[in-house]
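Structure first, then comments.
Coordinate-derived values only; no laboratory data. Everything quoted here is computed from the prediction, not taken from an experiment. A quick note on method: Cβ atoms are made from the backbone with ideal geometry, for glycine too, and the neighbour counts reach across all protein chains shown.
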Amino acid sequence: MKILICDSLNSKVLEELQSLGECIDISSSESKDQDLVLEISDAEVVVIRSSTQMTKEIIEKGDKLKIIARCGVGVDNIDIEYAKSKNIEVTNSPSANLTSVVELTVALIINAARKINLADSHLKDSKWDRKKFIGIELSGKQLGIVGYGKAGRLLSKVMKSFGMSIAFYDPYVKKWDGPEKRLELDELLSTSDVISIHVIKTEETENLISKEKLDLLKESAILINTSRGGVVDEDYLIELLGSSKIFGAGLDVYSEEPPKNIDNFADINLITTPHIGASTNEAQLKAGLDTVENIQKILSGDDSVAL
């Protein structure tokens, strides 16, 4: 069995995959796009992370393809419907990156609340104007979580320890009797002090936090997105930050990666990271091992892990 590895994986995961078949690793190739087109023709399994796009045009070149395994959560880089039409199983590892993504989210919230990045640059420029960096306390404030799945609920648990109250918006949570407030999106955005987004990328969530929705935020609000780019109107968010219409923001994901508007990121309370939510040794290992297990299950006839 030929296994095509398109993105970098933990060394232990590579060893496990090698026990299943012949592994062709194009993750570090300078001509990866061309190699993908060439190598997929006789591959039975393709293993990807977020940077490889499994479009219809790519999938249809996989004459022997049986499994597309996403080593991570989001599958918006896979044409799932077309894969299914070709009887190709698609699987992912939705829980493996959970802790790492939530920990990064917490870091972005704290950074934005205390303007740490701006203060750090200021001090390294040999300056000492402390009054520029008046922050806000999180204790006693409302955290509004958009998307109350596993990540949203773990973030809720962590931020309660900071003394924050929790509200959430999630149309897929039909019944709720917990202590957290369930709100409609507009009310959550207009009443929350910190908003954190944890949704998958779909037609429904595309531009979910639009210009009109961003105008609902308090001037003291912080917005964080570690889910998927394109969910937030990033250009308008930056405009609001530049005119001090909101307090701060943190972004790990962007509508275009890498983003092209980096010149607009300077001198505003915007904390940015290059899509590193899942970039920890622990998350990489867990996601990889889950992926190997999913492949083994599908090959043995158990499609319970297929999407």
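Can you tell me which of (1) touching a residue at least 60 places away in the same chain (Cβ under 8 Å); (2) farther than 21 Å from Arg114 by Cα; (3) not in a helix (DSSP H, G or I) is the one Gly250 doesn't meet?
Going through (1) touching a residue at least 60 places away in the same chain (Cβ under 8 Å); (2) farther than 21 Å from Arg114 by Cα; (3) not in a helix (DSSP H, G or I) one by one, Gly250 breaks only (2).
Being touching a Phe, Trp or Tyr at 6+ places or on another chain (Cβ under 7 Å), touching a residue at least 24 places away in the same chain (Cβ under 8 Å) and part of a loop (DSSP other than H, G, I, E, B) is true for just one of Val173, Val199. Which residue is that?
On inspection, the qualifying residue turns out to be Val173.
Being over 18 Å from the mean Cα position of the chain (by Cα) and either buried (at least 21 other Cβ atoms within 10 Å of the Cβ) or farther than 28 Å from Val75 by Cα (or both) narrows it down to one residue among Lys211, Lys218; which is it?
Lys218
Being of a type in the set (Gly, Ala, Ser) and buried (at least 16 other Cβ atoms within 10 Å of the Cβ) is the filter here; which residues of segment 146-189 pass it?
Passing the criteria: Gly147, Gly149, Ala151, Gly152, Ser156, Ser165, Ala167.
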